[in-house]
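To keep things clear, I will list the structure first and then write my remarks on it.
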Amino acid sequence: MTLDDLRKLDPKRIGSWPLAPKFGALGIVLALAVGGAYWFDWQNQIDLIQAEKAKEDQLRTTFIDKKKQALELPAYRKQLDDIEKQFGALLKQLPGKSEMDALLTDINQAGLGRGLQFELFKPAGQEAMKDFYAELPISIKISGTYHDIGAFASDIGKLSRIVTLNDVSLGAQKEGTLVLDATARTFRYLDEDELAQQRRAAAKDKKGAKK
């Protein structure tokens with residue numbers, strides 16, 4: 001069919017057209033209908049479906065994460081229980097306020113037991129309050145042989161309570177005798193009244209920071 005034949009077709013008498021033009025016109029109508037439906041309706045529906053699919057993927061990922069956390073919860077609880085036990089064991093190494101005198105006596109006895117002479121043994125300032133414990137520095141100055149001083153330092157490390165030697169200075173005094181200057185730091189846990197005071201102070205500082 002030529003272009004002249006197509007021009008001769010009467011749009012009002014489509015039923016009398018040959019098959020080829022009929023199918024062509026039908027294809028054009030269908031294309032216009034599909035295009036119009038997509039532009040005015042389907043496009044919004046497709047966007048909505050894609051948004052819902054993205055939401056579904058996000059929910060699925062969240063569900064998998066929550067399920068994984070739920071499966072790992074017993075392990076986390078056991079880990080927390082182990083940490084609490086370890087913390088409790090460490091806390092037992094800190095004396096209470098009433099036990100500090102006994103601890104200081106143990107440090108003194110550790111030196112005397114090694115034949116050392118104490119030239120200085122006194123607190124070096126006030127206790128430093130921390131979150132749940134207090135730290136007390138003690139200035140010590142002892143004299144003795146190198147072997148005895150080394151044994152004293154080892155004995156301090158073996159005490160049932162935590163004691164550390166800091167700012168250590170070792171010098172010769174006379175033949176065969178050395179002098180040890182150091183700061184022994186002892187620690188104790190805070191009692192309930194002190195912890196309550198710490199919490200009140202922290203709350204007051206937080207309140208003041210907000211103003």
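Only the coordinates and a few stated rules stand behind these numbers; no lab work does. This structure is a prediction, so every number in the text was calculated from the model and none was measured. For neighbour counting, all protein chains shown are included, and Cβ atoms are generated from backbone atoms with ideal geometry for every residue, glycine included.
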Subject >> ³J(HN,Hα), Karplus 6.51/-1.76/1.60, whole Hz, each residue of the stretch 126-137, x for Gly, Pro >> reply: 7, 5, 9, 7, 10, 4, 9, 9, 10, 10, 10, x
**OP:** Using packing as a proxy for protection, rank 186-193, 161-168 so that the peptide with the highest average count of other Cβ atoms within 10 Å comes first.
**Re:** 186-193, 161-168
Original post:
Relative contact order (percent) for the stretch 97-196, with alpha-carbon contacts under 8 angstrom and 6 or more residues of separation?
Top reply: 29
Original post:
Which FRET efficiency, nearest 0.05, do Lys141 and Glu175 yield, Cβ-Cβ r, R0 22 Å?
Top reply: 0.70
**OP:** Grab the other residues whose beta carbon is less than 11 angstrom from that of Ala128, score K and R as +1, D and E as -1, and report the net.
**Re:** 0
Original post:
Expressed in nm to one decimal, what extension gain is obtained for the pair Leu120 and Gln58 from 0.36 nm per residue of sequence separation less their Cα-Cα distance?
Top reply: 15.4 nm
Original post:
Just the Cα atoms of the stretch 93-211, one point each, no solvent: what log10 I(q)/I(0) does Debye give at q = 0.19, 0.21 Å⁻¹?
Top reply: -0.97, -1.12
Original post:
With each pseudo-label sitting 7 Å past Cα toward Cβ, what's the Lys78-Lys204 distance in nm, one decimal?
Top reply: 4.6
Subject >> For Gln173, residues with placed amide H under 5 Å, excluding near neighbours >> reply: Leu178, Val179
**OP:** Let me know the charge dipole size of the stretch 142-211 about its Cα centre in debye, to the nearest 20, where only the beta-carbon of Lys, Arg (+1) and Asp, Glu (-1) is charged.
**Re:** 820
